[in-house]
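Enquirer: Just passing along the structure, written as structure tokens.
Read the figures in this text as sums done on the coordinates, not as results from a lab. Treat the numbers as computed from the prediction; the structure is a model and nothing was measured. Glycine also receives a Cβ, built like all others from the backbone with ideal geometry; neighbour counts cover every protein chain displayed.
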Amino acid sequence: MRKLDFVVPASYDGCKVEHFLRQAQGMSLRVIKDLKKTSYGLTCNGVHTRTIDLVHTGDVVSVVLEDHPQEYLLSALKVPILYEDDDVMVYNKPANMPCHQAKTHQQDTLANVFAAHCAAQGLPLSFRAINRLDRNTTGAVVVAKNAHAAAKLGGKIDKTYLALVCGVFPYRKGVIDAPIGRLADDYINRIVTPNGQFARTGFTLLGQGREYSYLRCHLYTGRTHQIRVHFSWLGYPLAGDDLYGTDSRLLSRQALHCGEVRFRHPVSGQVIEIQAPLHQDMQTALELAEILP
């Protein structure tokens, strides 16, 4: 349960509670509807209020966010926590760990890790991953700890990735604009195709070896496998990528890591920047590739 208090400024004097929450606090209509399900979900100056009631300068509008989480098996796996407060968590996800449960992954996902963390603190919270990573992509995953945080963070995480690609990449800096779509009716594989969705990836060359190049990538769009597809299409697939490439000499999974996330905190409004250190397998791959600036 999360309680948030909002003081009404003069600019919202005389407006409806719903208008104040939606316009001033960015609260979604769905969250506001949920607040009305209990007598304590929505109050003004400590007294139950309705969404159509008026607020005035200096009033304190309070919301109580309740969660009804799905039951997950608890995982004993440990994943580094890079940041945590009452509304947001950031994990440094390892390889071979899906974010969500599936038929073949019932107790080894980040959702199971989060459930165990919450159980240890006595917090009944739902797992809401804002930026989901592929099972074998490592790095920063932002998790919202309540529905309000999830609504405000959705689609607003600025992500930077680190990628090790095969070959001596010929460009120092640039942007890849190439639409991405499914390969026929294939559920997993994606390709660059004129009929695909708009996709844009920015990149900066960080270093090179004789056979590999190290890049910083910025996603302007969030298509499935976007970085992997774009660089494979250019002829420089990610090292270790068995779906879009063939070179697995340096590591046994795609050499892709979400190294930084940047977002505006859903409650305080403060800009949060989190760095996620490389995991050991990718660090070793860089050393084997003899990457030089």
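Enquirer: Count, please, the residues in region 111-134 that happen to be among the polar types (S, T, N, Q), assigned to a helix (DSSP H, G or I) and touching a residue at least 40 places away in the same chain (Cβ under 8 Å).
Expert: Within region 111-134, residues that are among the polar types (S, T, N, Q), assigned to a helix (DSSP H, G or I) and touching a residue at least 40 places away in the same chain (Cβ under 8 Å) number 1.
Enquirer: Quick test of your reading of the structure: Y236 fulfils all but one of (1) closer than 24 Å to V141 by Cβ; (2) touching a Cys at 6+ places or on another chain (Cβ under 7 Å). Name the failing condition by number.
Expert: It is condition (1) that Y236 fails.
Enquirer: Can I ask one more? Which residue pairs have Cβ atoms closer than 8 Å, lie 6 or more positions apart in sequence or on different chains, and pair a first residue in region 18-41 that is more than 12 Å from V61 (Cα to Cα) with a second residue that is of a type in the set (D, E) and surrounded by fewer than 18 Cβ atoms within 10 Å (Cβ to Cβ)?
Expert: Short answer, once both residue conditions are applied: D34/E66; T38/E66.
Enquirer: In region 188-219, which residues are in contact (Cβ under 8 Å) with a residue 24 or more places away in the chain and of a type in the set (F, W, Y)?
Expert: Within region 188-219, F203, Y212, Y214 qualify.
Enquirer: Which ones in region 180-212 are in contact with a helix residue (DSSP H, G or I) (Cβ under 8 Å, 6 or more places away or on another chain) and among the basic types (K, R)?
Expert: The answer is R190, and nothing else.
Enquirer: Residue by residue through region 42-59, note down the ones that are free of Cβ contacts under 8 Å to residues at least 12 places away in the same chain and farther than 22 Å from N146 by Cβ.
Expert: V47
Enquirer: Test each condition in (1) of a type in the set (D, E, K, R); (2) in contact with a strand residue (DSSP E or B) (Cβ under 7 Å, 6 or more places away or on another chain); (3) closer than 22 Å to F203 by Cβ for D134 and report the one that comes out false.
Expert: Among (1) of a type in the set (D, E, K, R); (2) in contact with a strand residue (DSSP E or B) (Cβ under 7 Å, 6 or more places away or on another chain); (3) closer than 22 Å to F203 by Cβ, the lone unmet condition for D134 is (2).
Enquirer: If you take the residues of region 137-160 that are closer than 20 Å to T221 by Cβ and among the polar types (S, T, N, Q), which of them is surrounded by the most Cβ atoms within 10 Å (Cβ to Cβ)?
Expert: T137
Enquirer: Take the residues in region 227-242 that are touching a strand residue (DSSP E or B) at 6+ places or on another chain (Cβ under 6 Å) and not aliphatic (A, V, I, L, M), then tell me which one is nearest to V168 (Cα to Cα).
Expert: Filtering region 227-242 for residues that are touching a strand residue (DSSP E or B) at 6+ places or on another chain (Cβ under 6 Å) and not aliphatic (A, V, I, L, M), the one nearest to V168 (Cα to Cα) comes out as Y236.
Enquirer: Here is a follow-up. Take the residues of region 216-243 that are within 23 Å of the chain's Cα centre (by Cα) and aromatic (F, W, Y): which is surrounded by the most Cβ atoms within 10 Å (Cβ to Cβ)?
Expert: Across region 216-243, the extreme among qualifying residues is F231.
Enquirer: Give the residue that is surrounded by the most Cβ atoms within 10 Å (Cβ to Cβ), with candidates limited to residues of region 104-125 that are out of contact with any strand residue (DSSP E or B) (no Cβ under 9 Å at 6 or more places or on another chain) and not hydrophobic (A, V, I, L, M, F, W, C).
Expert: Here the answer is D108.
Enquirer: Condition first: in contact with a Phe, Trp or Tyr (Cβ under 7 Å, 6 or more places away or on another chain), closer than 30 Å to G41 by Cα and of a type in the set (K, R). Can you find one or more residues in region 156-172 that meet it?
Expert: Taking every residue of region 156-172 in turn, at least one turns out to be in contact with a Phe, Trp or Tyr (Cβ under 7 Å, 6 or more places away or on another chain), closer than 30 Å to G41 by Cα and of a type in the set (K, R).
Enquirer: Say we look at region 213-246 and pick out the residues that are among the aromatic types (F, W, Y) and out of contact with any helix residue (DSSP H, G or I) (no Cβ under 7 Å at 6 or more places or on another chain); which of these is nearest to Q197 (Cα to Cα)?
Expert: Y220
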